[in-house]
Amino acid sequence: MSEPPAVDGVLSAADALATARSIAAVQERSGAVPWFHGGHVDPWDHVESAMALSAAGLLSEAERAYDWLRRTQRRDGSWPLRVRAGVVEDAAADTNFCAYPAVGVWHHFRITRDERFAERMWPVVRRAIDFVLGLQRDRGEIDWARGAGGSAIGEALLAGSSSIHHSLVCALELAVHFGCAQPDWEVALDRLAHALRHHPEAFAEKDRYAMDWYYPVLAGPLRDDAGRDRIVRRWPDFVVDGLGVLCVDDHPWVTGAETCELVLSLDLLGWREHAVEVLASMQHLREQDGSYWTGYVHADGKRWPDERTTWTGAAVILAADALSGATPGGDIFRTGVPRAGLPVDDGCGCSAPVPVGE
């Protein structure tokens, strides 16, 4: 196993390991990774933390986290939106949350090449993706959740559907590895990529959120000139020099996780120097034990909320791994480029082509 990720002048390998250990210190005996001690668990942030544990070399802790997913998956392939200390607090299922284990499993396998792990988790990924695609609309977008009563929420989110795009690509990589053709998934991926690139009207209007700004780049659909234009156009709205990225464009609150996700997006566009600068800008959120505060209200000079979240530290490690290439999982987000192939059906009523991957 190689050393933990490091970025010269920003984060040492020892720093990254300390951050991973701060995440492991919050992990429950069940393997679940809550947001913080006593906090709740959701599948997406749980997987993000597991990925950071893998990248930093804490493989047994990461595998405990994935085993928790395997044991708690519901029959329909989903997980509850929120669990605290083993008790379900919100039984709804978020499609993005349920798709994301595919990214984590592929990431862990790329680092460990552990075939037994992949064999255990492949049925989990398959059931989860089938659940998620059951909420895809004809045009290609995917409803963001199924309510506790079993009905779709009836609204698609740009950031969530973009993240699902990346999850689908990783799930298909696993399918190829196991020799299990999934033509329905490939059709679904092409339809989703098409909607993300050509149909902004398909998604709820949330352009005040930074995630809606950069996620189409981070998760794959926009990594060409359209993606570069998107980042440049709204850079002044979201980036606070020396501090990081605003969560929303109308509040003076920079957040560590959003900052690190922008770092990943910049790296994918080939803007490494800017990516390193942005990663350095959020290190003011770091504590001595390696954990990270969620955010900082720069107008008041106060960290807020009063919590150090596992997923913020995880985002730092994953950004550092992408910049350093320390592990074979460091390029996990580069698998998000859509592949040309299957034509889009006429469900959306237009003839715009599916974007061709790089």
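Here the dipole of the chain is about 800 debye; that uses its Cα centre as origin and unit charges on the Cβ of Lys and Arg (positive) and Asp and Glu (negative).
To the nearest 500 deg cm²/dmol, what mean residue ellipticity at 222 nm is calculated for the chain from DSSP H runs of n ≥ 4 alone, each contributing -39,500 (n - 2.57), summed and divided by the residues?
Values: 13 runs with 173 residues, N = 358.
Computed ellipticity for the chain at 222 nm equals -15500 deg cm²/dmol.
For Tyr100, no residue whose modelled amide H falls within less than 5 Å of its own remains once neighbours fewer than 5 places apart on the same chain are excluded. Note on volume of the Cα convex hull per residue in Å³: of the candidates [x] 154; [y] 146; [z] 126, the value calculated from this structure sits at [z]. Computed 3J(HN,Hα) for region 288-305, one whole-Hz value per residue from the Karplus formula 6.51 cos²θ - 1.76 cosθ + 1.60 where θ = phi - 60°, is 4, 7, x, 6, 10, 5, 5, x, 8, 8, 6, 5, 9, x, 10, 6, 7, x, glycine and proline marked x. For the chain, the relative contact order comes to 21 percent (Cα pairs under 8 Å, sequence separation of at least 6). Using the average count of surrounding beta-carbon atoms within 10 Å as a protection proxy, the listed peptides 49-55, 24-30 rank, highest first, as 49-55, 24-30.
Peptides 321-333, 180-192, ordered by how many other C-beta atoms sit within 10 Å of their residues on average, highest first, read 321-333, 180-192. Across the options Val105, Gly330, Val240, the greatest Cα extent toward the positive end of the charge dipole of the chain (unit charges at beta carbon of Lys, Arg, Asp, Glu) belongs to Val105.
Since every read-out is calculated from the coordinates, none of them should be taken as a lab result. Predicted model, so just to flag it, every value in this text is computed and none were measured. Because the Cβ atoms are built from the backbone with ideal geometry, glycine has one as well, and the counts that use them run over all protein chains shown.
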